[in-house]
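A short write-up of the structure that comes next.
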């Protein structure tokens, strides 16, 4: 019996955790800091665009040793600013 490829893809999407929640030992842990890759996935942009936004100080980030992390709130704030700017332009 053949499975519809679209149906299989939909099931795969449902099983993946959102970028803001990580399953750890059978429980969900709210993420406070995200990697550039996770932010890129959440905003549907490229990783290099995330670093450009950080360099332009449009999204704040922190360093933990040599690691660069972006607070979840910073991603929400950036998206909110984009939405408000779009509304103001109309």
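Bear in mind these aren't lab numbers, they're just calculated from the coordinates by the rules spelled out. These numbers come from a predicted model, not from an experiment. Neighbour counts run over all protein chains shown; Cβ positions are idealised from the backbone, glycine included.
Couple of notes before you dig in:
- Residue in region 69-80 that is touching a helix residue (DSSP H, G or I) at 6+ places or on another chain (Cβ under 6 Å), loosely packed, with under 15 Cβ neighbours inside 10 Å and either over 24 Å from residue 29 (Cα atoms) or without any contact (Cβ under 8 Å) to a residue 40 or more places away in the chain (or both) present: no
- Members of region 31-68 that are surrounded by fewer than 17 Cβ atoms within 10 Å (Cβ to Cβ) and in contact (Cβ under 8 Å) with a residue 40 or more places away in the chain: 32
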